[in-house]
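Please treat every number below as a calculation from the coordinates, not as lab data. This structure is a prediction, so every number in the text was calculated from the model and none was measured. Heads up, the Cβs are rebuilt from the backbone with ideal geometry, glycines too, and the neighbour counts pull from every protein chain shown.
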Amino acid sequence: MTNSDGGCYVTELMSKSKTSTIRELIFVIVGKEKASVSLECEKLLERLLEPGERAVGLFNADPAEVSVSEVMDELRTAPFLAQRRVVVVKGADKFISENRELLEKYFDNPCPTGILVLTVAGWDSRTRLAKKLPKVGKLLSLTQPTSWQLPSRLIKYTADAHDKNLSETAAALLIELTGENLAQLYGEVDKLAIFAHSEKAITSQHVESLIGHNRIFSVFAVIDSVIAGDVAEAVERLRSMFAESKSAEYSVVGAFAFHFRRLFGARVLLEKGVRPGEIVHRLRIFGDRESFFAQLRKMSLKQIGVNLQRLAAADYAIKTGRTRAPVAIEQLVLNLAAGSETH
């Protein structure tokens, strides 16, 4: 509800709840990973509105369906049974570009009882809109974490989104098996949280049981076919892995590396005279253990080490855009079949 000069009526219904300390009137959340942006937006909404206020105080605006005037009207509508009116526009990049002048005017004089939340993939700090923001609001910038930051990001996401603990070991194993795509990792954490059910902690055992088993089993089958001399079957199995799962582009390299690292560790222990039963316990080998040791007996320590080096090189080439995962892993399988020990 607006008054004659374009302002808005200020409600007298201001609760003394924890949300009353908010001073910013505009928030811009910037990030390319939708899962991260959605989580940050949800956390912000928890600060802005009490749970009972959402039904009357929150308006989710679809930028493809609402006009900028509708968004302004919602912001200027006096809140009812809530201390503020919150309007969220997700994926607002195009919305901002098409309505920049009107938004600049609103940034100059935002309604004191309305809070605008915009989520965008990019935010140019050189624009007038960006320069006006610090005076009336706050920029929340989410960056893609580096490899070494990923475990802590997953641990935090698990706690925030599911109120569960994720151990560092489990986080590292999840990354190893799934890859470094943040959205994919968040999706796997969501599945693990359901899988863990009432347990407060997500452990490596959960990761192995839910995620590792199927992927390691598939990698195991590919290598088994190679060792048996059936290269055609090995390549067919590998191609099926990529065809059956959209996430395989991110996870297959990690699954192969995980399996070869276990082979390497087992071979080292075996050559030191450690008994197979103790190796199974130390390396926590699940699945068909007899077949695992059958593979191990047919590969030397040097062969396993060479393949780990090839995997590292393939991983680097994939991440730098020099090749694609299906091509790199198929080449690895062919090299393994040929018994080559050179790069």
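Numerical summary
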quantity	calculated
Mean projected area in nm² (Cα convex hull; one quarter of hull surface) for the chain	21.5
Unsatisfied cross-links (Cα-Cα over 25 Å) in the set Lys156/Lys191; Lys90/Lys156; Lys135/Lys156; Lys138/Lys164; Lys32/Lys319; Lys90/Lys319	Lys135/Lys156; Lys138/Lys164; Lys90/Lys319
Chain lengthening between Arg275 and Glu168 when straightened (0.36 nm per residue, less Cα-Cα)	35.6 nm
Kirkwood Rh, Cα atoms: Rg over Rh of region 18-141	0.92
All aspartates and glutamates inside 14 Å of Lys132 as judged from Cα atoms, apart from same-chain residues fewer than 8 positions distant	Glu24, Glu101, Glu104, Asp108, Asp124
Gyration tensor verdict on region 203-338 (Cα atoms; rounded if a/c is under 1.5, prolate if a/b is larger than b/c, oblate otherwise)	prolate
Stokes-Einstein D for region 34-76, Kirkwood Rh over Cα pairs, 4 °C, 1.567 mPa s (µm²/s)	110
Estimated 222 nm signal from helices in the chain, with DSSP H stretches of n ≥ 4 weighted -39500 (n - 2.57), rounded to 500	-18000 deg cm²/dmol
Fraction of antiparallel bridges per DSSP, the chain only, in percent to nearest 5	5
Sequence-separation-based contact order of the chain, relative, with Cα cut under 8 Å and 6+ spacing, percent	14
Cleavage-rule hits, GluC sites (Glu not before Pro), region 46-130, DSSP coil, Cβ neighbours within 10 Å at most 15	Glu65
Two-site label geometry, Glu98 and Gln149: point separation in nm, points 7 Å out along Cα→Cβ	3.3
